[in-house]
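Input: a single structure, listed below in structure tokens.
The values are calculated or read from the model by the stated rules, or taken from the named source; none is laboratory data. In this text the structure is predicted, and so the values were computed from the model without any measurement. No Cβ is skipped: glycine too gets one built from the backbone with ideal geometry, and neighbour counts run over all protein chains shown.
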Protein chains: 2
Amino acid sequence: MLDEAVNLENSLEAGGEPERRVRDRGATERAILAAAKRLLAEEGFQNFGINAVARRAGCDKQLIYRYYGGLDGLVEAIGADLGTWVKDRIPEDTGGMFLLTYGDLMERLSLLLLDALRDDPLMRRILAWEISENTEQVRRLSEARSKALALWLERMRGSLTPPKGVDTAAVNAIVIAAIQHLVLAASAGGQCAGLSLKTSKDWEKAATALKRIVRGVYG
Amino acid sequence: MLDEAVNLENSLEAGGEPERRVRDRGATERAILAAAKRLLAEEGFQNFGINAVARRAGCDKQLIYRYYGGLDGLVEAIGADLGTWVKDRIPEDTGGMFLLTYGDLMERLSLLLLDALRDDPLMRRILAWEISENTEQVRRLSEARSKALALWLERMRGSLTPPKGVDTAAVNAIVIAAIQHLVLAASAGGQCAGLSLKTSKDWEKAATALKRIVRGVYG
DNA sequence: CCCCGCTGTCACCAATCGGTGAGTAGCGGG
DNA sequence: CCCGCTACTCACCGATTGGTGACAGCGGGG
């Protein structure tokens, strides 16, 4: 998949013979999808359009219309691809520790989510997109992302029962919101609410504070 | 200021006589700024451009170049205008309660910030902009917004000393991040991490959870 | 074998973008 | 009254956008 993308991309400026493309619809489709994902991850949703994707995929935009029915279909394909996100981010074992309290679990999950978002530019861009626009396109993508996140959380939680007397849904949503905004702000401007978020030392402080907050509610 | 803006805007489609504009540079400048702020607040940064602002202000874009030196200058003017945000949002008295603990203060501040952001579309759009782009334009605007927020927090805090043993800067940054993301997500999609944020009942639940979190760290 | 279909390319469309230079219109001072 | 300064408008530029129709070339089935 990646090889094909690179090949297609380079075929634009590769000197020498014209380097005729192989006629392989499947490969082209995958190359387009890969190019779209890379483009979105690297450049953001601002300049994400038919022309840009076609340019990066090294093919004509007409093919995007033909194979995906336009940008909407392509975005939908990206959303469908997001389902794989979960599998990649689930450690098989719990790292030797088991029989956790809910507090232990949420602390661990928070830090895992923080790290996962920190090195997933595509997810970050989608998150920013969700916040900035409210088109049908984005709504579908948002739904896919949300479902993936929910599934991830559910898998990680296992069979642990949440404590009583606390609105865990609301509390967890706020914790997740904090994590997401922290990562987004850091990724965009290197800081959040005056807190610098550049060096790994900065992130340690943030992680410590996050742990403290989670521990504060869940003991 | 508002009257002028409305007047200028309507002068486009107002039937009847041409409704000649008065030649008043100051008024035009203010009308442009007001139009820009309204446009940004209502439409977001996506379609925020010279043409759109001029269209909404009911004047030629050339005037924007002349009076503000282009979009950058106009954005800068918006940023400068953000300084007034603080004054509008500071209640004169502390509502009868004084001599608060730091926990009391942060709880109150959190809820105030939540509400303030909830009914300030311009601030929300700027926030979303900060997260989605990293141009010099946005960086300046971000700085102005950040400074306004910091000033607001400082004014509200008064002379209360923070507790020891806690990285209040980091913790507060995370709390603020949570609030901001909550409001942004709600404004865009009506929910955040599976938590619905539409009805006032939804928001009560969120506020309660937020209070619980703040109380958890600051006692 | 030829022909049809599928893959891929190219040329073109109207609309909009940011940006600029030249020209018009009205107010105020002499 | 008239002239000049200034606020303001208009027309145009090249670039880019999303979108469409026509065409080229290879390959497999009749």
### Query
Which of the helices (runs of 4 or more DSSP H) contained wholly in region B:34-124 include at least 2 residues that are more than 12 Å from the chain's Cα centre (by Cα) and hydrophobic (A, V, I, L, M, F, W, C)?
B:50-57, B:61-68, B:71-81, B:102-118
### Message
Would you confirm whether or not region B:108-127 contains a residue that is under 23 Å from A:GLU143 (Cα atoms), out of contact with any helix residue (DSSP H, G or I) (no Cβ under 7 Å at 6 or more places or on another chain) and either at pLDDT below 95 or within 11 Å of chain A (Cβ to nearest Cβ) (or both)?
### Response
no
### In region A:33-49, residue surrounded by the fewest Cβ atoms within 10 Å (Cβ to Cβ) [restricted to those that are within 14 Å of DNA strand D (Cβ to nearest atom) and more than 14 Å from chain B (Cβ to nearest Cβ)]
A:LEU39
### Query
Given the structure, is A:ARG23 surrounded by fewer than 17 Cβ atoms within 10 Å (Cβ to Cβ), at pLDDT 95 or above, more than 25 Å from B:ILE131 (Cα to Cα) and among the basic types (Lys, Arg)?
no
### Message
I need every pair where a residue in region B:57-71 that is of a type in the set (Lys, Arg) has its Cβ under 6 Å from the Cβ of a residue that is more than 7 Å from DNA strand C (Cβ to nearest atom), sequence separation at least 6 or different chains.
### Response
B:LYS61/B:ALA54
### Query
Which members of region A:148-167 meet the condition of being without any contact (Cβ under 8 Å) to a residue 40 or more places away in the chain and part of a helix (DSSP H, G or I)?
A:LEU149, A:ALA150, A:GLU154
#### Entry: Unmet requirement for A:ALA144, which otherwise passes all of (1) within 11 Å of chain B (Cβ to nearest Cβ); (2) assigned to a helix (DSSP H, G or I)
(1)
## Note on the structure
Flagged in region B:184-206 as at the interface with another protein chain (Cβ under 9 Å from one of its Cβ atoms) and under 15 Å from A:ALA178 (Cα atoms), in numbering order, are B:LEU184, B:ALA185, B:GLN191, B:CYS192, B:ALA193, B:GLY194, B:LEU195, B:ALA206
### Query
If we keep just the residues of region A:138-194 that are among the acidic types (Asp, Glu) and more than 14 Å from B:GLN191 (Cα to Cα), which is modelled with the lowest pLDDT?
A:GLU154
### Message
Here is a check on your reading of the model: is A:GLY103 of a type outside the set (Val, Ile, Thr) and either surrounded by fewer than 19 Cβ atoms within 10 Å (Cβ to Cβ) or more than 22 Å from A:ALA177 (Cα to Cα) (or both)?
### Response
yes
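Let's see how each residue does on (1) surrounded by fewer than 17 Cβ atoms within 10 Å (Cβ to Cβ); (2) among the basic types (Lys, Arg):
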residue	(1), (2)
A:LEU114	no, no
A:LEU117	no, no
A:GLU136	yes, no
A:ARG145	no, yes
A:LEU151	yes, no
A:ALA170	no, no
A:ILE176	no, no
A:HIS181	no, no
A:ALA185	no, no
### Task
From A:GLY69, A:GLY49, grab the single residue that is at positive phi and within 16 Å of DNA strand C (Cβ to nearest atom).
A:GLY69
